[in-house]
Amino acid sequence: MTYQPRFTTAAPILLCAVTLLSSCGSESRAAAAGDTATTAAATAEPVATRGEATYVQICATCHQASGIGVEGTYPPLKHSSWLAGDPSVPISIVIAGLQGEIIVDGKVFNGAMQPWGMLSDDDIANVLTYARSQWGNSAGPVTAAQVTSVRAKIGNRGTWTAAELKQEYPGAGG
């Protein structure tokens with residue numbers, strides 16, 4: 001009687017698992033070696049990808065895939081000083097919502113944005129980082145720590161108006 005292994009596919013699967021797991025640590029080793037460019041490049045793409053996915057799922061319906069909004073109702077995010085200025089402003093808008101008249105790029109919009117405070121701090125940071133870097137926008141990234149700070153500051157307040165945002169954040173909206 002010859003020995004027949006019971007799991008003939010175990011060896012190739014185990015080899016693949018070991019290979020995969022050993023390659024997962026390469027970014028950590030690069031960071032430990034001081035290769036910050038590799039680490040930054042490795043983390044920037046997932047943030048943009050996650051931010052884009054959230055934008056497509058939640059924001060694009062009103063603000064459009066191109067960021068141009070809907071005339072008179074939903075303001076553009078493309079070249080918006082509300083989005084590109086102090087990150088606390090768009091963070092506050094995403095968390096608590098916005099209603100009523102707002103002027104963006106010299107045009108009046110009068111719609112309502114529902115609050116998206118149920119999103120995680122990471123999700124809000126990612127989607128705002130995405131929007132602040134698209135359609136010709138060149139504002140800096142938003143961090144989850146910034147979102148956490150704004151969330152703590154504004155608490156469970158109701159929906160913002162543009163006037164309230166300008167009062168809370170002097171210089172908001174340009």
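The values are calculated or read from the model by the stated rules, or taken from the named source; none is laboratory data. This is a predicted model, so every value here is computed, not measured. Glycine gets a Cβ as well: all are built from the backbone with ideal geometry, and neighbour counts include every protein chain shown. When the accessible area is computed, the model is the full protein with side chains, heavy atoms only, and any ligands, DNA or RNA have been set aside. Shrake-Rupley method; radii C 1.70, N 1.55, O 1.52, S 1.80 Å.
Couple of notes before you dig in:
- Only protein heavy atoms count here; under a 1.4 Å probe, Arg157 has an accessible surface of about 80 Å².
- Where Asp121, Asp86, Asp105 fall by accessible area, highest first, once all protein chains stay in place (1.4 Å): Asp105, Asp86, Asp121
- Taken per residue, the accessible surface of the range 57-104 reaches 43 Å², heavy atoms only and a 1.4 Å probe.
- Which of Ser80, Ser138, Ser88 is most accessible, then next, and so on - probe 1.4 Å: Ser138, Ser88, Ser80
- Sequence-distant residues sharing a close amide H with Gly100 (under 5 Å, placed H): Gly111
- Rounded to whole numbers, the Karplus 3J(HN,Hα) couplings from phi for the range 156-165 are 9, 5, x, 5, 6, 10, 4, 4, 5, 5 Hz, using 6.51 cos²θ - 1.76 cosθ + 1.60 with θ = phi - 60°, and x at Gly and Pro.
- Over all other residues within a Cβ to Cβ distance under 10 Å of Ala96, the charged ones net out to +1, with Lys and Arg as +1 and Asp and Glu as -1.
- Amide H within-cut-off set for Gln64, under 5 Å, with H built and near neighbours excluded: Gly69
- Cross-link partners for Lys107 among the lysines, with Cα-Cα distance under 26 Å and sequence neighbours closer than 8 places in the same chain left out: Lys78, Lys166.
- Annotation: Met113 carries an accessible surface of approximately 50 Å², with a 1.4 Å probe and no ligand, DNA or RNA atoms counted.
- Glu168 contributes an accessible area of around 80 Å² to the protein surface, as traced by a 1.4 Å probe with all chains present.
- Net length available on complete extension from Asp86 to Glu168 is 28.4 nm, with 0.36 nm assigned per residue and the Cα-Cα distance removed.
- Point-to-point label distance, Gln99-Thr148, nm (Cα→Cβ direction, 7 Å offset): 3.2
- In plain terms, if you count all Cα to Cα distances in the range 68-174 and split them into 5 Å steps from zero, the share in each step is 2, 14, 24, 27, 22, 9, 1 percent.
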